[in-house]
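Chemist: Got a structure for you, written out below as structure tokens; questions coming shortly.
The values are calculated or read from the model by the stated rules, or taken from the named source; none is laboratory data. What you are looking at is a predicted structure, and each value in this text was computed from that prediction instead of being measured. Note that each Cβ is placed from the backbone with ideal geometry, even for glycine, and that neighbours are counted across all protein chains shown.
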Amino acid sequence: MNASTAYPIEAATVFGNPLAAVFDDPEHSSEEPRELIVGHSHRGRVLVVSFAERNEMVRIISAREATPRERQHYEESPFGRWRHEW
């Protein structure tokens, strides 16, 4: 299992986090519009999840644990309002 598929079920729980932050992902949107969501999973880990919306459904493309820097930015900003710096 690689980093992109390590958290498939856990990644879905990030969408239920009311403090999760969502960003457009234009760098990876050549074939379809993609977005990133960063937030706590049900296990308490901060995950970065790449996803696309298709026919009113969400398709998770990849998920990984946030880097220490990403986690710090996310946790220090109220309501997930941090600047997207990848």
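Chemist: Take the stretch 23-57 and flag every residue that is modelled with pLDDT of 90 or more and hydrophobic (A, V, I, L, M, F, W, C).
Modeler: Residues satisfying the conditions are 36, 37, 38, 46, 47, 48, 49, 51, 52, 57.
Here is a yes/no grid of residues against (1) under 11 Å from residue 74 (Cβ atoms); (2) touching a residue at least 60 places away in the same chain (Cβ under 8 Å):
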{"site": "23", "(1), (2)": "no, yes"}
{"site": "27", "(1), (2)": "no, no"}
{"site": "33", "(1), (2)": "no, no"}
{"site": "36", "(1), (2)": "no, no"}
{"site": "39", "(1), (2)": "yes, no"}
{"site": "43", "(1), (2)": "no, no"}
{"site": "48", "(1), (2)": "yes, no"}
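Chemist: Could you list all residues from the stretch 57-77 that are surrounded by 16 or more Cβ atoms within 10 Å (Cβ to Cβ) and assigned to a helix (DSSP H, G or I)?
Modeler: 70, 71, 73, 74 - these are the residues of the stretch 57-77 that are surrounded by 16 or more Cβ atoms within 10 Å (Cβ to Cβ) and assigned to a helix (DSSP H, G or I).
Chemist: Applying the selection to the stretch 31-48, what residues are of a type in the set (Asp, Glu) and either surrounded by 13 or more Cβ atoms within 10 Å (Cβ to Cβ) or assigned to a strand (DSSP E or B) (or both)?
Modeler: Scanning the stretch 31-48 gives a single hit, 35.
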